[in-house]
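Have a look at the structure below, then the notes.
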Amino acid sequence: MRVNDRYTHFFLLVMLSGLIITSSFTNQRIMSNDVPSKEKGSNSVMKSNEVITILYDISHGLEVFIPAKVSPMGGMLEGTGEFVVKTTTMKQSFTESDFVGVDIFVIMFPDYDFPYSAQEIQIVKDFWNSGGSILFVGGLTYGETHFNNTVLNNVISTLGFNLAFSTLQDTAVTRLSGNLPNHDIFYNMDTFGTLKNPVASVPVLNSDPNIENLTFSNSGRTSFAVFDNDSHRAAFIGTYNPFLELKAWDGDPYLSNHYQFQYNLMNWLGFQPSKELTDIFPINVYTGIESPHTITEIKQLLYYQGICHFHTELSSVVAPYDEMVNNFDSLGHQFVVVTDYNTVAGGPALRAYLDSQGRDDIAVIDGLELTGENQTHNIGWFNPGNGTLISEFAGQSARIGLFHDAGSPIFLAHPSWLIDPNYPRIWDHDLYPFDGYELVNSAFMQGGGNLAMYPFYGAADMSGDESAMFRVWNYVFTEEISDDPDWWTEAVMNRKLVIYVSMGDYFVGDKLLVDEIVGRLNDEHSPEILITSPTTITPNSEVTLDATITDASRIFTVNLSVTVNEGSPETYTLDSAVDDYSHYVKNLGSFSVGDSVMLALNATDELGYSAEQVVEFFVEPETTTTEPVTTTPQITQTTTTTTPETDGSAPWLTLPIFIASISTFVIVIKKRRIFF
């Protein structure tokens, strides 16, 4: 081959490789491994891959529980790019227009105060008969939740299904591992949890070849059933847990597959193949409310991290003060709003302890949680010395005035916990005009997003042990913080905060602020990897790569793949230097004249996030020297390999090369997960 031909072919090869590599470096939040769906009948037809539209009924459901569009479930589904989530209008009858373009209709524990009208039942019938799929969820029967199975079963029977939800009172902790039902909705799952809540069993009342009961073999429980007649499908789920209790509760691994379960369920109902859900976390849950702020305004503010609705030993037996403060430090909390039951003394007590330790770096705000028999729970915060005269025996209407007179807004705590029949509902806002609501409480999102139109915050609602503070905290945009609550009030009432729920691994807030805090956290937690090689490589000389990770606070696995002359690659794991986990070296040996060498270096952290840099060179006879070539990596937010960008000059593509050169280059691993 002539020399010029050789370089021409090499040029074409590099151009083709660049196109292939560039196409693989899109910022993908989902990496799915598709597998064929198990077809129930021989005539089952898989719909083509398309965006699936889901309609959640919140016209009749318990508004405080339904995980609709503004929820981690909605955020996960829409985050895949494979689903669109819609809702009906709260407390209003739905119409035919709501179902236009809908593939899946979701009915979750309908409220017995709002039964379905005959017209609505007919709309659902028409949707079903036209090939739509339906998800029925029941089983929430304890306490004053305004739900029982009667309304749900009436819809089911009217549609002609030969089954019904019946209540199984089961308050024991239920953990299911292995031997899960053999069905697509449990694809890629080996554990399942129902966790201390009643489960409604789903017995088949009459024989129907299209209905399959899904029984957990290690418990004998039948809480799931599916209907498939080859044209449309329905699923009957007898517990709300897999939709609300996500990831892990106090480290419980049995709930860690619930996102996968939701994904499986919607894929199956939408006639899509089973796929593995990976690398989507954390999830962004947007309120759907346009932020009243501009990005320029927010970027001029600092952000602070802390917790609200927090209890000390004045409320119950909790961790001692030293353990509380150690947990604050381990998580990076900079402020705390203390809300003990019916007293504002918790804040001063915690502040006194911090003072005794010479600590002034944690802002402590005096608040309280006002309770009372047959009363709602309300949260407020006050300037020191205020709030002491608010009585727990005051009625709900009177409480609003008392809080305001003491200089505090009043928030409804845990609105989903209908402690008694008189606990205010979301649509009671005109009757009880609270200043805001706890949009997230103790890792549970409240209200299906309907509360997001009002001022909100995320409530830890726990004591000072580590697991409690790991659950929920807030990021607040402001200029500075102090023990004076005015900055907190201003931030909450003017929507300058973002909630992070570590238990479900999701952010909640107005889109502008969520995107901004995620971006800032990514920047702060992204390490840099500096890889240095010799400036020249000559034939038969030893070649050594040197890698330095500038942020050695995390553990990385660093692998190097070396391919010579398009042969089989050899892969090496680079060992860190003794007592220095930031420094990695590898002697590659020597290369001969005419060798084509490709080096691919990959660094992966302990959470599985990785970046990769690829460099290719030829070793030619030493006759002249070219200037070193600098490659600059692309900075991406991705968990797959990152691609370098070059300045476009690439002299080795146009000039004969006699001595190959590799320069210093930097890889930046961008993260979407908060890591401490």
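Among Lys86/Lys511; Lys69/Lys275; Lys299/Lys496; Lys69/Lys511; Lys125/Lys275, which pairs are too far apart, with a Cα-Cα distance over 20 Å?
Where the Cα-Cα span goes over 20 Å, the pairs concerned are Lys69/Lys275; Lys125/Lys275.
Could you please report the charge total around Gly346, scoring K, R as +1 and D, E as -1 over all other residues with beta-carbon less than 10 angstrom from its beta-carbon?
Computed value for this residue: -3.
State, to one decimal in nm, how far the label point of Tyr572 lies from the label point of Ile295, with both points 7 Å from Cα in the Cβ direction.
4.3 nm
Multiplying the sequence separation of Asp329 and Asp113 by 0.36 nm and subtracting their Cα-Cα distance, what value in nm do you get?
Taking 0.36 nm per residue and subtracting the Cα distance, the gain is 73.1 nm.
What part of the accessible area of the stretch 303-423, given as a whole %, is carbon or sulfur when the probe is 1.4 angstrom? It would help to have the intermediate numbers written out before the result.
On the way: 2350 of 4650 Å².
Solvent-exposed carbon and sulfur of the stretch 303-423 make up 51 percent of the total.
Suppose each label sits 7 Å from its Cα in the direction of the beta carbon; what would the Asp208-Thr278 distance come out to in nanometres?
That separation, rounded to one decimal, is 3.8 nm.
Quick check on packing: order 265-275, 349-359 by the mean number of other C-beta atoms within 10 Å, highest mean leading. Show your work: numbers first, answer last.
Values: 265-275: 22.9, 349-359: 14.4.
Those peptides, ordered most packed to least, come out 265-275, 349-359.
The values are calculated or read from the model by the stated rules, or taken from the named source; none is laboratory data. These numbers come from a predicted model, not from an experiment. Every residue, glycine as well, gets a Cβ built from its backbone with ideal geometry; the counts of neighbours run over all protein chains shown. Accessible surface is based on the protein model in full, side chains and every heavy atom, while ligands, DNA and RNA are left aside. Shrake-Rupley method; radii C 1.70, N 1.55, O 1.52, S 1.80 Å.
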